[in-house]
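A short write-up of the structure that comes next.
The values are calculated or read from the model by the stated rules, or taken from the named source; none is laboratory data. In this text the structure is predicted, and so the values were computed from the model without any measurement. Counting neighbours? That spans all protein chains shown, and the Cβs are built from the backbone with ideal geometry, glycine included. Keep in mind that these areas ignore ligands, DNA and RNA; they rest on the heavy atoms of the full protein, side chains included. Shrake-Rupley method; radii C 1.70, N 1.55, O 1.52, S 1.80 Å.
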Amino acid sequence: AWREHPRVPHPSGHFHFNVAPEIGRSMAGYRLGRTFIEEARRRGLPQWHAVVFAGPGRKSTDFFDRMGFEVFDRKPCSLLGPGWTLATIRKDLGDERTGFID
């Protein structure tokens, strides 16, 4: 439900894509991400964000923490059962390479 969706930062860039396993090693996802970041920077966006599911009993945002993201907001999510949350993660774009995709 929309009431369970966490806040998102503004202004902020956002995009979503899935890469099929058979082309996952082709660097297609990396190239999509690089193109997105370059265009977001060109347009002057200060940050980008994603909304991810975080499961019970584990910190599903650990991968993103290591890449320099921070949790911006988190809300309980009834879609997947007790203990699940939806988390908005964000990262400054800046002018320098910062780890995730760039």
Handout entry: Ranked order, 4, 22 - accessible area, probe 1.4 Å, largest first
Key = 22, 4
Handout entry: If the convex hull is drawn through the Cα atoms of region 6-92, its volume per residue in Å³
Key = 107
Fill in the blank from the handout: With the 1.4 Å probe rolled over protein heavy atoms, region 19-92 has an accessible area per residue in Å² of 62
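Please arrange 53, 64, 69 by accessible surface area, largest first, computed with a 1.4 Å probe and ligands excluded.
Values: 53 95, 64 40, 69 15 Å².
Highest to lowest solvent-accessible surface, that is 53, 64, 69.
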Exercise for the section: Quick one: accessible surface of residue 10, probe radius 1.4 Å, all protein chains present, in square angstrom to the nearest 10. Expected result: 150
Handout entry: Charge tally in the Cβ shell below 10 Å around residue 72, where Lys, Arg are +1 and Asp, Glu are -1, residue 72 excluded
Key = +2
Handout entry: Quarter of the Cα convex hull surface for region 41-94, i.e. its orientation-mean projected area (nm²)
Key = 4.1
